[in-house]
Structures are given as C-alpha cells and as structure tokens.
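Notes to accompany the following structure.
What follows is calculated from the coordinates using simple rules that are stated; it is not laboratory data. For clarity, every value in this text was computed on a predicted model and none was experimentally measured. No Cβ is skipped: glycine too gets one built from the backbone with ideal geometry, and neighbour counts run over all protein chains shown.
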Amino acid sequence: MSLVRNVSTIGGLTALSRVFGFVRDMLLARVLGAGLAADAFQLAFVLPNTFRRLFAEGAFSVAFVPMYTRALGSDRGDGVAERFANDVLAVFVWVLLGFSALAMLAMPGIVWVLAREYAGVPGKFELAVSLSRVTLPYLALVSVVAMLSGVLNAHARFAPGAFVPVLLNLTLITGIVTGYVLRQQGGTDIAVAWSVAVSVAAAGLLQLIYMVWAVRRAGVRLTLSTPRFTPEVRRLGRLILPATFGAGIYQISQFVDTFFATSLAQGSLTLLKYADRLNQMPLGIVGIALGTAILPMLARHIHSHDEEGAQRLQANAVEIATLLTLPAAAALAVCAPAFVTAFFVGGKMNQAQGDVMAAIVTALVCGLPSYVLVKVFQPAFFSREDTRTPVWIAAAALVINIAINVAIVPTYGIVGLAGATAFTSSLNVAALYAVLHHRGWFRISWRLATRVARQLAATGVMALALWALLPLFQNRYAGTALERALALATLVGAGGAVFLASAWLVGALDKSHLAQLRRKPREASAVNLSE
C-alpha cells in the first residue's frame with residue numbers, strides 16, 4: 001500500500017476522531033468554562049494523555065515497530081514476530097502496572113511540581129490530585145493499546161489503531177453530558193469534573209477491548225505469559241529509554257507549558273488546552289498519519305539497503321506535510337478569532353476568555369508545519385536504530401524553550417508561552433534536518449524546494465483573501481448556530497477554493513499524488529510513492 005493511501009486511511013479516521021474531540025472540547029468549554037474545576041480536570045488529563053503521546057505512541061512505537069517489522073521480514077516470519085511481541089507484552093504489562101502504582105502514590109508530589117500554585121486556591125490542589133488518580137489508569141490501558149496498534153501497523157493494518165481515539169472522545173462526550181445532568185440535579189462544577197475524569201479511565205478499557213478483538217481478527221495470536229528478558233526485549237529497552245526523550249519534545253514541552261501555565265491567572269491552563277485543540281486538528285490528522293505510515297515503510301527500505309527509495313519516500317512525506325500544514329496554519333492564524341468565537345464562546349465561556357484563546361491559537365499554529373515535520377524526520381533516525389541523536393537535539397530545544405519561557409512569560413503571559421513552543425519546535429526540526437543532510441540520509445532536492453516555495457506562494461494568496469473576508473461576517477460569529485455555521489463555511493470554502501486555485505496555477509500540487517488519492521484501493525496498492 002502506498003504512502004498516500006496509508007496517510008489518507010489513517011488521516012481519514014484520525015480526522016473523525018479529531019471531529020469528535022472538537023465536539024468534546026466545545027461541550028466542555030460551555031459546560032465547565034475555564035475555572036477551578038476545569039483547571040483541575042485539565043491537569044488530571046494532561047498527565048496520562050501526555051505520557052501516552054510521549055511513551056506509548058512515541059518512544060515505544062518508534063522502537064518496537066521497526067524491530068517487529070524486521071522479525072516479520074525474516075526467513076522464519078510470523079512465528080518469530082509473534083514470540084517477540086509476546087515477550088514484550090509479558091514484560092510491558094508489569095512495567096506499566098508498577099509505574100502506575102508508583103505514580104498514584106506519588107500523585108500529590110507530581111501535582112505539586114507541575115501546579116504548586118494550585119495549593120493557594122482552596123480545594124483546587126486536592127481536587128487535581130484526586131482527579132489525576134482517577135485518570136491515571138488510562139495510561140496503562142492505552143499503552144497496551146499502542147503496542148497492539150504497532151503490531152497491526154507492521155501488518156499494514158492501520159485502520160484499527162487510527163479508530164481507537166474515536167472511542168475515547170465518544171466516552172468523554174458521554175461523561176460531559178452525564179456531568180451536566182448531575183449538575184442540573186443539584187450538583188456543582190466539581191461533579192462535572194469527576195464525571196469526565198471517570199470517563200477517561202472507562203475509555204481506556206473500551207479501547208483495549210476493541211484492539212484485542214482487532215488483533216485476533218487480523219490472525220495475530222498474542223498471549224500473556226511469564227516475563228522473560230530475552231536479548232531482543234533488552235535491546236528494545238535500550239532503544240526506548242533515549243527514544244522516550246527524542247520522540248517527544250512536543251509532549252515534554254507540554255509539561256513545561258503546564259508548569260508555567262498553572263503559575264498564571266486561573267483558567268490559563270484550560271484556555272491553553274482548548275486552543276491546542278484547534279492546533280491539534282491538522283497536527284493530529286497529518287502528523288500522526290504521516291508518522292504512522294512512514295515508519296514501517298522506511299524501515300523496510302533501510303533493511304533492504306534501498307537508500308534511494310528511502311530518500312524518495314521522505315521527500316514525498318515532506319511535500320505532503322507542507323502541502324497540508326502550510327495553508328492550515330495560515331488559515332487558523334488569520335481566522336482564529338472567528339473560529340474561537342463561533343465554536344467555544346457561550347455558556348460558561350465568555351468573550352474575554354475567547355479573545356485570549358484566539359491569541360494563543362495564533363501563536364501556537366506558527367509552529368504547526370514544524371510539529372508535523374518532526375514526525376517525518378525522526379523516523380529516518382529511528383528506522384536506523386539511532387535514538388541518541390534526536391535525544392541531544394530535543395534536549396537542546398527543551399533547554400532553549402525553558403529559557404525563553406522564563407524570560408517572556410512574566411511579560412507576555414500565556415500567549416508568550418505558546419509562541420515559545422512554536423519557535424523551539426521549529427529549531428528542533430531545523431536541527432534534525434541539518435544532521436540528516438550532513439549524514440546523507442536525506443537532502444532536500446531542488447524539485448522539493450521549489451514545490452514548497454510554490455506552496456508558500458499559494459498559502460500567501462489564501463491568507464490575504466481570508467484577511468479581507470474576515471470582517472464581512474463579524475456579527476455572525478457570535479450569532480445563532482445557523483449564522484455561525486454559514487459564516488465559517490463561507491470562510492473555509494473560500495479559503496480552500498483560493499488555495500487550490502492558486503496552488504494549481506503556480507504548480508504547487510503534484511498531479512500524480514492527487515491522481516493516486518483518487519484511485520481505488522486495489523489500484524493504488526500497485527503504485528508506491530517511493531518508487
């Protein structure tokens with residue numbers, strides 16, 4: 001199956017998840033607003049969710065998938081791969097259980113490190129600790145889900161792993177509605193926060209049940225046995241430790257951002273997380289899809305010593321990433337006030353909070369292309385089992401991020417914090433590419449450079465068109481549901497039409513890639529973008 005087809009499959013299901021996630025946060029903003037209970041829940045959700053992205057979907061996946069893929073491609077095939085997966089699962093489960101138990105015991109200390117300012121608000125610190133203990137089991141459950149998803153990805157079955165986040169968002173939406181009903185019956189915002197926190201743990205259980213079914217349906221037989229530290233398991237452990245840092249600069253920066261956000265005015269952390277939802281729409285759809293699709297394909301090229309094929313694959317991934325993220329970033333930056341007002345302002349979320357959130361969105365999306373390109377460049381290291389280099393690059397970027405936050409957050413507040421994240425993510429990408437270029441693992445060709453330059457030109461035309469259209473619907477963004485929908489649909493439709501027309505005229509679109517997206521699955525499988 002081709003890169004474009006894989007990306008479209010994963011991206012389509014991830015888009016479905018992001019839509020439900022967007023609905024989830026819209027409801028949560030209106031039901032809970034940006035106050036004490038909202039901040040406590042957001043912190044409780046940050047802990048397992050960030051560890052999930054950092055470890056389960058980051059370090060573990062990038063270390064496990066190439067090793068499992070090579071086992072599948074060996075002379076002994078599925079038998080060796082299944083034994084390796086079973087050995088990893090047996091050790092992995094106990095590690096997760098131990099980590100979760102220790103984290104729950106240490107939760108007051110963890111919350112104090114991340115949000116010591118909460119102790120100054122009566123009841124806020126205690127609520128954050130209690131909610132965090134309720135949500136933490138989600139980490140262990142979803143980590144096993146990530147492993148099972150990696151197994152299926154190596155078998156070129158990407159749909160189940162891309163679908164499981166939908167279950168999370170549906171369960172959380174159920175929790176928000178349940179909390180709202182409880183509050184209507186005499187409860188408080190705290191009852192809403194508890195309801196949503198419980199739904200997080202329930203979602204992890206549902207995801208695990210679904211993935212166990214999907215793995216068995218794929219014909220892969222995994223069983224839980226006595227832990228054995230085989231040479232391959234130990235090798236995986238050695239790869240995971242540095243990859244935990246190298247694969248997760250964006251996730252690690254979330255903890256840094258959380259620390260600084262909790263030191264600002266009440267509601268700052270909640271507004272940052274809601275703003276990140278808009279940023280996560282294209283980031284999740286494009287970044288996760290590309291990263292998931294490229295890793296096993298790149299590992300096969302490297303394993304077969306096809307460096308030329310690996311170069312083509314990465315070049316096509318970069319082109320797809322910039323084609324999708326440059327216009328998305330520009331559109332979000334220009335239209336942030338309209339999107340925030342239409343989607344989030346209402347109920348317990350007021351316009352003043354919406355204005356702050358719009359400024360955060362604009363700052364965050366400046367780094368959107370970089371957030372996605374990290375997912376393209378890092379597999380070039382991981383597929384060669386080099387997890388050390390991204391560690392040092394990520395460490396340097398993180399130190400710079402902290403230094404910038406110390407310097408500008410006291411003056412520019414939460415918006416400055418978001419801007420620092422975008423800036424240091426761009427530094428991270430630039431450093432990753434510099435090393436790849438120096439080692440000859442990937443170099444941007446003249447063709448790719450000119451294609452990206454044309455994409456930038458088309459993006460600029462679209463941004464100017466949106467800037468001119470934005471004031472025309474000023475009174476509609478906070479109007480009725482129909483008025484909001486029509487105003488945003490006009491903006492999105494006009495922006496998309498202008499970008500596509502401009503991109504077509506300046507040659508920013510690769511017509512062969514577009515044709516491949518339109519092919520039927522069987523036809524597309526015969527054509528690989530890396531060929």
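Using 7 Å Cα-to-Cβ label points, what is the E126/V23 separation (nm, one decimal)?
3.7
Can you work out the PRE-style zone for A478? Point 7 Å along Cα to Cβ, and I want the residues of the range 332-346 with backbone N under 17 Å.
Output list for this probe position: 336-346.
Taking neighbour Cβ counts within 10 Å as the exposure measure, how do E308, E82 sort from fewest upward?
Numbers: E308 10, E82 18.
If I rank by nearby Cβ atoms, fewest first, I get E308, E82.
Can you give the local net charge around F125? Use residues other than it whose beta-carbon is closer than 15 angstrom to its beta-carbon, Lys and Arg +1, Asp and Glu -1.
0
For the residues C366, C335, what sequence is obtained by ranking on other C-beta atoms within 10 Å, fewest first?
Working: C366 20, C335 25.
Placing the least packed residue first, the sequence is C366, C335.
Can you tally the net charge around D257? Count Lys and Arg as +1, Asp and Glu as -1, for every other residue whose Cβ sits under 10 Å from the Cβ of D257.
Working: positive: K273; negative: D276.
Surrounding charge for D257 is 0.
Could you compute the FRET efficiency for H438 and E308, with r as their C-beta to C-beta distance and R0 at 30 Å, rounded to 0.05? Working shown, then result.
Numbers: r = 19 Å, r/R0 = 0.62.
After rounding, the FRET efficiency stands at 0.95.
Would you mind counting up the charge near G347? Only other residues with Cβ under 15 Å from its Cβ, with Lys and Arg at +1 and Asp and Glu at -1. Write out the running numbers ahead of the final one.
On the way: positive: R24, R30, R183, K348, R484; negative: D25, D189.
Charge balance near G347 sits at +3.
At R0 = 25 Å, how high is the FRET efficiency between I408 and L456 if r is their beta carbon distance? Nearest 0.05 is fine. Write down the numbers at each step before the final one.
Values: r = 27 Å, r/R0 = 1.09.
So, using R0 = 25 Å, E works out to roughly 0.40.
Order these by the 10 Å Cβ neighbour count, fewest first: Y210, Y180, Y138. Kindly include the intermediate steps, with their values, before the conclusion.
Values: Y210 17, Y180 20, Y138 27.
With the sparsest Cβ surroundings first, the list reads Y210, Y180, Y138.
Give a residue-ordered list of calculated ³J(HN,Hα) values for the range 480-486 (Karplus: 6.51 cos²θ - 1.76 cosθ + 1.60, θ = phi - 60°; whole Hz; x for Gly, Pro).
5, 4, 5, 4, 4, 4, 5
Treating only the Cα positions of the range 3-444 as identical point scatterers, give the base-10 log of I(q)/I(0) from the Debye formula at each q in 0.08, 0.09, 0.12 Å⁻¹.
Computed log10 I(q)/I(0) values: -0.43, -0.54, -1.00.
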